[in-house]
Structures are given as C-alpha cells and as structure tokens.
Amino acid sequence: MFHMLISVILLVIGFVLLVRGADTFVDGAVSVARRFGIPPIVIGTTLVAIGTSAPEAAISITAAIAGSDGVSIGNIIGSNITNIFLILGLTALIAALPIRKNTKFLELPFVGFITLMLCLIGFWFGEISRLAAAVFLTLFVGFIIYTIIITKKSNEPAEYKKIPMVETVVMIIAGIAALVIGSNLTVDSATDIATRLGVSERVIGLTLVALGTSLPELVVCVAAALKREYDMAVGNIVGSNIFNILFVLGTTAAISPLPFEHAFVIDGLVALLAVIMLMIFVARRSKLSRVGGILFLIAYACYVAWLMV
C-alpha cells in the first residue's frame, strides 16, 4: 500500500512537471523565435500549438524508448478520446460551444481521416513503422502550412511579451529538464501502478496517463469558456488531436517503431466514434450544446467502465 501511494505521488509530480515544463519551454522558444524575427503568426501556429502536445510527446517518446509501448500508443489514442468526450463534454456544460466553418468542414473530417488511417495501419501491419511515421510527419507539415494560411486570412493579432536573453535560455533549459524528468517519473510510476493493480499498460495509458497529459487542453478549454471565447474551445481540441496523431505519434514511431496491439484497433475506433459524434452534434447548428456535452460525458464514463471490466 505504501509503495502504491509513493507511485501515485510520483505520478502527480510527473504530471505537474510535464505541464509546467511545456509552458516554460514554449515561453522560452517563443522569445527566441521573436528575436530571430519569426512572424507571430508562425509562432502561434507552430510553437504554441506544439507546446500543448509536448506532454503527450514527452510521455510517448520516453515510454517507447523504455519499451512500454502500451503506455506510448495508449497515451495518444486515450488523449484524443479524453479531449473530445471528457474535455469538450465538461466545457459544453459551461456554455454551448460554437464551431468555426473551417473546423467543421475541413479539420474535423481530417482528424477523422487520420484516426481511421491509424486504425487501418495498426490492423493490417501490427505496428506503426518508420514509413508510417514519415507519412504522418508529411501530413503534419501540410497541416502546419494550412494552419498558417488560415490564420493569415483571419487577421488575428498575436502578442507575446519580450523576455531577456539570459532568462530565455534558463527557461528553455528548465522546460526541457522538467519535460524529461516529468516524463520519466510518469512512465515509471504509471507502469508500477499498472503492475500493482494487475491491469495492462494499455489501460493505464488510455486512462490515467491520457488524462494527465490532457491537462493543458482542459485548462485552455475551460478558461476559454469562462472568458466567453467559446469558439476557441472546439478548434483547440481538434487541433490538439491532429497534433497528437501526426506530430507525437509520427515523431515517436520515427525514433522507434511501435508494436500495435490488436486491442488498440478498438480504442482507435472509439476515438473515431468520438469525432463522428462531434460532427453529428455540430452539423445542424454549428455548436456543441449542453445536451451534447452530457452525452459525451456519459460516453466517456461508459468507455472507461468498459476498459476496467
């Protein structure tokens, strides 16, 4: 019991380091980008967006190197399920969430397409190979270019505060250190908890680890809803799901090919179902209602309950 408590405490510390490390690293990286004259629009659509997926990337890469493939893939698929069913579900309870035209007609179908592609690759080949990783990363570059073009058309200003050079360097080093230490703590403690509870790394990755690494998205969505910036919530989640598959999974599999358990196909289909449900709920009025939010939360509870059976 004592060892389990220690593992839980270390897991929480790991999550805190991941979230704070990602935030600190992004602030430092943005400062460097500004010093080199990189346009704010590019900073906002690359560094800041990648920053919200930094916890998932750190966990998945660390887990893959450590041989904990169940945690690595489970974290990515689980985060995408958590993002839609749990985070959008909770956020929609605060207020109905409108969805932008581009998100509705382009980005949502795209995340559905790459989720289906992930399931098919895993089912047919039994692994995410370096070739599959190259395809994901190529699509990721295309998505970044698309995002920059869309953001340019919207003419939304991006303001970032200036940070002294010495402080910037310290922030980048501290951010990377926190991500590395936090990811190692999280993977080790999550694996230990899975072993002690007698559950698979896959289940821990899909639930506990996925929830922890989705904290940045939860904070962003709830804060946006409370500030009445409702249109940001759905777009941020959809963008995060695209980044998780194309950038995080692509980068992880490029470093080390990932064996794909047959059970992950079912989890991938649940992630696809979440996307389809979101598309259905926003099809008519271009917004996710409170009723939709409640149904999403029920769907998430049913999925977690199914995993635990």
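The values are calculated or read from the model by the stated rules, or taken from the named source; none is laboratory data. Predicted, not measured: the structure shown is a model, and the values here were computed from it. Cβ placement follows ideal geometry from the backbone for every residue including glycine, while neighbour counts extend to all protein chains displayed.
Scanning the stretch 193-224 for residues that are farther than 19 Å from V19 by Cβ and not β-branched (V, I, T) yields A194, R196, L197, G198, S200, E201, R202, L206.
To keep it simple, each residue is scored yes or no on (1) assigned to a helix (DSSP H, G or I); (2) of a type in the set (A, V, I, L, M); (3) under 27 Å from M279 (Cα atoms).
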| residue | (1), (2), (3) |
| --- | --- |
| A57 | yes, yes, yes |
| T62 | yes, no, no |
| V71 | yes, yes, no |
| G74 | yes, no, yes |
| I77 | yes, yes, yes |
| I81 | yes, yes, yes |
| L88 | yes, yes, yes |
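Being within 18 Å of the chain's Cα centre (by Cα), surrounded by fewer than 20 Cβ atoms within 10 Å (Cβ to Cβ), within 18 Å of I65 (Cα to Cα) and modelled with pLDDT of 80 or more is a condition met by no residue of the stretch 189-209.
Of the candidates G198, G250, the single residue that is under 14 Å from S72 (Cα atoms) and out of contact with any strand residue (DSSP E or B) (no Cβ under 7 Å at 6 or more places or on another chain) is G250. Could you grab me the full set of residues in the stretch 295-309 that are among the β-branched types (V, I, T) and under 22 Å from S200 (Cα atoms)? Across the stretch 295-309, the qualifying residues are V304, V309. So which of V291, V270 ends up being touching a residue at least 40 places away in the same chain (Cβ under 8 Å), of a type outside the set (K, R), part of a helix (DSSP H, G or I) and more than 24 Å from A54 (Cβ to Cβ)? Of V291, V270, the one residue that is touching a residue at least 40 places away in the same chain (Cβ under 8 Å), of a type outside the set (K, R), part of a helix (DSSP H, G or I) and more than 24 Å from A54 (Cβ to Cβ) is V270.
One residue alone among T103, T91, T147, T168 is touching a helix residue (DSSP H, G or I) at 6+ places or on another chain (Cβ under 6 Å), surrounded by 18 or more Cβ atoms within 10 Å (Cβ to Cβ) and at pLDDT 90 or above, and that residue is T91.
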